[in-house]
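The values are calculated or read from the model by the stated rules, or taken from the named source; none is laboratory data. Note that the coordinates shown come from a computational prediction; the quantities given were computed from them, not determined experimentally. Counting neighbours? That spans all protein chains shown, and the Cβs are built from the backbone with ideal geometry, glycine included.
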């Protein structure tokens, strides 16, 4: 038997530099795709949670209205600091909700909730009006088109309309439905 013809095959199982660079490039490309997609999902979930908060605030307002002959409260639009003694949505409606966290939009990245007590603004142009006889700016009387409460800022950056709105009739939407009755 000729031992010189028998060759021992010995392979190293380590990655070559080229293979390692290809893996790094593939991981970087997948990350570039996955990170923005996951960011959109997170922001979408926060926007949905915020919309749910507005619906809960609307339910609290309905309880308030039943106790006050369907007359909307007279509230300030907001306040600079939650220690200010002003009638605002989070103080007036607090007794009508089980959880004060409904006044906190998870997308509030400016800290409005922590500083002022709420992430939302009240439309003071309809203060003290009876919901059965609304008059908004002299030409809109339909509660489904009169904004009542909205986000304080454009918190929801991945949508066309970046603000959630609660309308007087109690529905909350991410779409602006502010149009006149005139044709």
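What to note about this one:
- Of all the listed residues (157, 152, 141), the sole one being in contact (Cβ under 8 Å) with a residue 12 or more places away in the chain, exposed (fewer than 15 other Cβ atoms within 10 Å of the Cβ) and in contact with a helix residue (DSSP H, G or I) (Cβ under 7 Å, 6 or more places away or on another chain) is 157.
- Residue 66 vs. criteria at negative phi and within 20 Å of the chain's Cα centre (by Cα): no
- Among the residues listed as 44, 48, the single one being touching a residue at least 40 places away in the same chain (Cβ under 8 Å) and within 30 Å of residue 171 (Cβ to Cβ): 44
- Tally, over region 114-134, of residues that are farther than 12 Å from residue 89 by Cα and in contact with a helix residue (DSSP H, G or I) (Cβ under 8 Å, 6 or more places away or on another chain): 2
- Residue within region 1-15 that is exposed (fewer than 14 other Cβ atoms within 10 Å of the Cβ) and either modelled with pLDDT of 80 or more or in contact with a strand residue (DSSP E or B) (Cβ under 9 Å, 6 or more places away or on another chain) (or both) present: no
- Every residue from region 56-73 that is assigned to a loop (DSSP other than H, G, I, E, B) and in contact with a helix residue (DSSP H, G or I) (Cβ under 8 Å, 6 or more places away or on another chain): 70, 72, 73
- Meets criteria (surrounded by 11 or more Cβ atoms within 10 Å (Cβ to Cβ) and closer than 19 Å to residue 122 by Cα) for residue 45: no
- Of the residues making up region 96-111, none is over 22 Å from the mean Cα position of the chain (by Cα), touching a residue at least 24 places away in the same chain (Cβ under 8 Å) and within 24 Å of residue 155 (Cα to Cα).
- Qualifying residue in region 39-54 (condition: within 27 Å of residue 119 (Cα to Cα), assigned to a helix (DSSP H, G or I), in contact with a helix residue (DSSP H, G or I) (Cβ under 8 Å, 6 or more places away or on another chain) and modelled with pLDDT under 95): yes
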